[in-house]
Amino acid sequence: MKLSVCINSVTGNMPRTEAMRLSKKLGYSAVEFWEGKDCPVADFGAILKEAGLDVACMGFATGLVDPAIRADFLAELKASLANAKVLGAKCIIAATGQELTDVSRAVQHESIVEGLKEAAKIMEGTGVILVLEPLNILINHKGYYLDKSDEAFEIVRKVGSPSIKVLFDIYHQQISEGNLIANITENIDLIGHFHIAGNPGRNEPYLGEINYPEIFKAIEKAGYAGYVGLEYWSQGDMEESLVRCLEMFG
């Protein structure tokens, strides 16, 4: 299993460049971060090169439910993609945005599909994929449009581009729907990236109710060869948690 460290969550307020160095020191070969269009490319690029780290995933492009702001979404995506190409990032995260309460879900669903079709024209041929992320609305992201993986997979199938896939965050989907192994393995070709954390609490993935060793066995058996991002907030010693994750899952 190839692990990457989300340096926004795991390492907290540590400066990003220091977090990159620490990840390498602890034995990781890849990091990821939420910065996209505003990413400090020169600073990040220098440290990534110095440390010999890959970028598994980066950035956010937000705003798919409302076609009125689609141009803004596409502009943000283009800017994030330019940075991703410089840094060698494998994927960029797309978020639907908050559900519009005065518009039917069917209309918003189609807006997401159409927006991602436009995004696919930008992404295809770049070597970078765009991954659409469902989030749980019970605890962390109340009001967000997309919380179930089945709708995310349906959207990606409608878009029909190898450059548009799903980010399957196992923590979020345990809360939203459960049935993790079946939902993952039956749709593995549509998944471009994973995130993990323990539930409850969004802490270390070896804590809580999610049986990650068994899930990872199923993911590997299904043929997934991409990265799994550690996107958790440590409730103990952060460095010790990263060492333990690498020992248990790496």
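Here, each number is a calculation from the coordinates, and none is a lab measurement. All of these numbers come straight from a predicted model, not from anything done at the bench. Backbone-built Cβ (ideal geometry, glycine too); neighbour counts: all protein chains shown.
Remark: the stretch 93-110, residue by residue, has Karplus-estimated 3J(HN,Hα) of 8, 10, 10, 6, x, 6, 4, 7, 6, 9, 10, 5, 5, 4, 5, 5, 4, 5 Hz, where x stands for each Gly or Pro and the curve is 6.51 cos²θ - 1.76 cosθ + 1.60 at θ = phi - 60°.
Take Leu138, project a point 7 Å from its Cα along the Cβ direction, then tell me which residues of the stretch 165-191 have their backbone nitrogen under 11 Å from it. Answer for the stretch 165-191: 172-179. Over every Cα atom in the chain, the radius of gyration and the widest Cα-Cα span, Dmax, amount to 17.2, 50 Å. How much length would be gained if the chain were fully extended between Glu110 and Glu124, taking 0.36 nm per residue of separation minus their Cα-Cα distance, in nm to one decimal? Going from the current span to full extension adds 3.0 nm.
Annotation: amide H of Cys91 within the under-5 Å range of Cys57, Met58, Ile129, sequence separation 5 or more or interchain, hydrogens built in the peptide plane. Taking other C-beta atoms within 10 Å as the exposure proxy, Thr62, Thr96, Thr101, Thr126 rank Thr101, Thr126, Thr62, Thr96 from fewest upward.
The HN-Hα couplings worked out from phi for the stretch 134-144 by the Karplus form 6.51 cos²θ - 1.76 cosθ + 1.60 (θ = phi - 60°) are x, 10, 6, 10, 7, 10, 9, 9, 4, x, 5 Hz, whole numbers, x standing for Gly and Pro.
In this label model, Glu240 and Glu209 are separated by 2.7 nm, measuring between points 7 Å along each Cα→Cβ vector. Quantify how much of the Cα-Cα distance distribution of the stretch 52-117 extends past 13 Å, in percent. That fraction is 63 percent. Computed extension length for Ala75-Ala225: 51.0 nm, one decimal, from 0.36 nm per residue of separation with the Cα-Cα distance subtracted.
Quick query: amide H of Lys37 versus all other amide H atoms, modeled in the peptide plane; which residues come in under 5 Å with a sequence gap of 5 or more or a different chain? Those lying under 5 Å, H to H, from Lys37 are Phe60, Ser80.
The alpha carbon centroids of the stretch 147-197 and the stretch 38-102 are separated by 19 Å. Mean-square fluctuations from a GNM of the chain, with a 10 angstrom spring cutoff on Cα atoms, peak among Leu167, Leu64, Leu180 at Leu180. When the Gaussian network model of the chain links Cα atoms closer than 10 Å, the mean-square fluctuations of Ile155, Ile191, Ile47 top out at Ile47.
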